[in-house]
Amino acid sequence: VQATYSHVDARNRTPGSAAEGNLLARRPQHSMALVADYQAPAGWALGGTLAHVSGSFDNAANSRPIEGHVTADLRASLPLGSRIELYGRVAN
């Protein structure tokens with residue numbers, strides 16, 4: 001099991017700019033993920049990832065917001081011999 005979190009304070013720091021102090025476009029301040037994987041003694045494996053990205057802005061003026069979102073991914077694998085593996089993944 002793994003968990004990650006990032007906080008990014010990406011701002012326009014150009015002196016005299018009309019957008020000085022605003023958040024940079026399309027750079028979310030917060031992102032986090034939870035990852036869990038299981039490897040069975042029989043060789044098959046299951047895993048999943050749940051991720052969240054906070055909202056951001058689509059322009060330098062910070063007047064067009066972009067909503068945050070959550071994604072979920074599932075994966076599984078099954079060995080079919082010593083050198084071949086069947087792998088599947090569903091992602092949104």
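Taking each residue of the range 52-69 that is without any contact (Cβ under 8 Å) to a residue 12 or more places away in the chain and looking for partners that are open to solvent by less than 60 Å² (accessible area, probe 1.4 Å) and of a type in the set (Phe, Trp, Tyr) with beta-carbon atoms closer than 7 Å, six or more apart or interchain, yields Arg64/Phe57; Pro65/Phe57. Remark: pairs (first residue in the range 1-12, within 16 Å of His52 (Cβ to Cβ); second residue assigned to a strand (DSSP E or B) and among the small types (Gly, Ala, Ser); Cβ separation under 6 Å; 6+ apart in sequence or on different chains) = Thr4/Ala33; Ser6/Ser31.
Kindly check whether there is at least one residue in the range 72-80 that is surrounded by 10 or more Cβ atoms within 10 Å (Cβ to Cβ), over 30 Å from Asp9 (Cβ atoms) and of a type in the set (Gly, Ala, Ser). Checking the range 72-80: at least one residue is surrounded by 10 or more Cβ atoms within 10 Å (Cβ to Cβ), over 30 Å from Asp9 (Cβ atoms) and of a type in the set (Gly, Ala, Ser).
Residue-by-condition table, conditions (1) touching a strand residue (DSSP E or B) at 6+ places or on another chain (Cβ under 7 Å); (2) open to solvent by 80 Å² or more (accessible area, probe 1.4 Å):
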{"residue": "Arg13", "(1), (2)": "no, yes"}
{"residue": "Gly16", "(1), (2)": "no, no"}
{"residue": "Leu24", "(1), (2)": "yes, no"}
{"residue": "Val35", "(1), (2)": "yes, no"}
{"residue": "Gly55", "(1), (2)": "yes, no"}
{"residue": "Ser82", "(1), (2)": "no, yes"}
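The values are calculated or read from the model by the stated rules, or taken from the named source; none is laboratory data. Only a predicted model underlies this, so the values are computations on that prediction, with no experimental measurement involved. No Cβ is skipped: glycine too gets one built from the backbone with ideal geometry, and neighbour counts run over all protein chains shown. Ligands, DNA and RNA are stripped out before the accessible areas are found, and what is left, the full protein with its side chains, is counted by its heavy atoms. Shrake-Rupley method; radii C 1.70, N 1.55, O 1.52, S 1.80 Å.
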